[in-house]
Structure formats: C-alpha cells, structure tokens
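To keep things clear, I will list the structure first and then write my remarks on it.
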Amino acid sequence: MSFIDHLEALRWHIIRAAIAVVVFSLAAFFSKEFLFHDLILGPSRPDFWTYRKFCELGQAIGTPDLCIDKIGFVIQNREMSGQLSMHISTSFIVGLVLGFPYLFWELWRFIKPGLYPQEQENSRGAVFFVSILFLTGLLFGYYIAAPLSINFLAAYNVDPTIENQIDLQSYLSTLTTMSLSCALVFELPMIVFFLAKAGLITSEIMTVYRKHAIVIILIVAAIITPPEITSQIIVTIPIVLLYELSIHIARRVRRDATKKLNAELAANQGISE
C-alpha cells in the first residue's frame, strides 16, 4: 500500500471509532438520571456501595470508625450553563470510556497488517487483555480509590466553621482523574508483555530494580490519591501485585522465546545432518 492508501485506511478506522464514541455518548446523554444520580454522584452519598461495605467490614472486625455514614460537603453549580456543559462533557467522557475496547480494536486493526506473522502471533489476544485490564482498573478507581479520596477531602477542614461547598466541576475532576489514572496504571502487565517481546526488558532487570519500582509506585500512588496513608496503601497494594505479575509475565515470555529458539536450532541441526 502507498502512503495515501495507508492514510485512507486510517481515516476509515478513525471514522468508525468516532461513530462508536458518538453512539455511546448519546446513550449516556439520554440516560441523565442514571448517569448523574447513580453513577457520577454515587460516591457523594453515604449509601454508596463502597461506604456500605466499609461499614459492614467495620462491624465485622469491631472497628466502627471504618463506617462512613456522613459525607461532609455539598455539591454546587455556580455557572448559568454549568450543568448543561457538564452534562455534555460527562457524556463524552463516558462515551470514550465505554468505547475504549472498540477504539483499541480499530487501532489494532490498522497496526496488525504491518506486523510480521511472528509478531502477530505474539500479540494474539492483545485487544481482550488490554480491555480487561482497563475496565478492571477503572472499576478499582471508581469503587475504591475515588470514594476514599472524596471522603478524605470532604472530611478534611482547617476550621470547623468552614463549610465544604464543592463546585460540580471540581468534584467531577477528582472522580474522573482517580478512575482514569487507575485504569491506565492497570495496563502495566500488557506494557511489560510487549516490552519483553521486543527484548527491551527482562524479569531479571525487573527483579533487580524491584525496590526502585516500589518507590516509584509509592510516588505515583501519592500523586493520584489525597495525602492520607490509608488511601495510598490501598492504591499501592494492587499496583505492587501488578508489578509482581509483570515479572512473571516477562519470565514466561523469555522462557517461551528460549524454548522456541532451542526447537529451531534442533530442527536446523536435524536438517544439516
């Protein structure tokens, strides 16, 4: 294919991906009550699933302080068109999130023909695992990281006389930042898989620099969470587990590559004999 033919193919991939995002965005836009009352504003109410589970956990282990039965802030809108613009922008974000698997699939369909057969074989199932990790990280961010951050920031005050009246934009920014950050961080195993396939990283390197990686993970957790030790630990633990999983993935990639190389050498020796 010529360069123009590649651009034409890319254009149609982009058009199909854009159509998918628009469809999901429109579906979210016309589901306003569920989108905002149940989904977006869910973590701002004490009856949210995460808070109820923490209360149950606190009762089970005899630690009532874990129970979150009050959210100390009120969400306000201070702009005339604020709620309308928020409705539109939020619908678009939800459309992007829901359409992410299809977006990645369209991108993969454009890239795949340019790969060698062996590279295509090595990357089999990439769309599935990237999508699963993204959605898992998104759910972790929405149900764990974001509620803990919102609860901490809502309960924090420098003086009891100051009321927390949070702007709608600020609340949504915290919720989306926490959720999407976790979704991207959870892609670590797939990133390591492709780097290991390319020979750019090995399990030995990751093992040697494990302590350095843990420090970096702590820094990342401190950035995407409020300055509160419980939230940072809760976010750090799954990322560390993903790092350990990535070490095993890199080791498995190298073992498979070594086995394949030995098989090729044995086959070549058999031919030469």
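Numbers for the structure displayed
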| quantity | calculated |
| --- | --- |
| Carbon/sulfur fraction of accessible area - the stretch 1-70, other protein chains in place, 1.4 Å, % | 69 |
| Accessible area per residue, Å², the stretch 1-93 with all protein chains present, probe 1.4 Å | 68 |
| Proximal lysines relative to Lys70, as straight alpha-carbon distance under 27 Å, when same-chain residues fewer than 8 apart are discounted | Lys32, Lys53 |
| Estimated translational D of the stretch 17-142 in µm²/s (Stokes, Kirkwood radius over Cα pairs; 37 °C; 0.692 mPa s) | 184 |
| In sequence order, calculated HN-Hα J values of the stretch 101-108 (Karplus, 6.51, -1.76, 1.60; Hz; x Gly/Pro) | x, 5, 4, 5, 5, 5, 4, 5 |
| Mean projection area, nm², convex hull over Cα of the stretch 191-241 | 3.8 |
| Three principal axis lengths of the stretch 1-81 [C-alpha, angstrom, descending] | 69, 39, 19 |
| Fraction of alpha-carbon pairs over 20 Å apart in the stretch 152-273 - percent | 60 |
| GNM top mover of His87, His212, His13 - the chain, alpha-carbon springs below 10 Å | His212 |
| Rg/Rh (Cα only; Kirkwood hydrodynamic radius) as it applies to the stretch 107-156 | 1.34 |
| Which labelled figure in (1) 17.1, 50; (2) 21.3, 75; (3) 23.4, 89 is Rg and Dmax of the Cα atoms in Å, once derived from the coordinates | (3) |
| Qualifying lysines (Cα of each under 27 Å from Cα of Lys260; at least 8 residues distant if same chain) | Lys112, Lys197 |
| Accessible area of the stretch 102-207 belonging to carbon and sulfur atoms, whole % at 1.4 Å probe | 67 |
| Accessible area (Å², per residue) of the stretch 201-240, counting only protein heavy atoms and a probe of 1.4 Å | 58 |
| Most mobile listed residue (Leu241, Leu172, Leu188) in the chain, GNM with C-alpha springs under 10 Å | Leu241 |
| Cysteines in the chain lacking a second Cys C-beta under 4.7 Å | Cys182 |
| On Cα atoms only, tilt of 168-185 relative to the major axis of the chain in degrees | 30 |
| Top of Asp38, Asp47, Asp65 by mean-square fluctuation, Gaussian network on the chain, Cα under 10 Å | Asp65 |
| Helical contribution to [θ] at 222 nm, DSSP H n ≥ 4, -39,500 (n - 2.57), averaged over the chain, rounded to 500 | -23500 deg cm²/dmol |
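The values are calculated or read from the model by the stated rules, or taken from the named source; none is laboratory data. Because the structure is predicted, anything quoted here is derived from the model rather than measured. Cβ sites come from the backbone with ideal geometry, for glycine too, and all protein chains shown count toward neighbours. These accessible areas exclude ligands, DNA and RNA; they are computed on the full protein's heavy atoms, side chains included. Shrake-Rupley method; radii C 1.70, N 1.55, O 1.52, S 1.80 Å.
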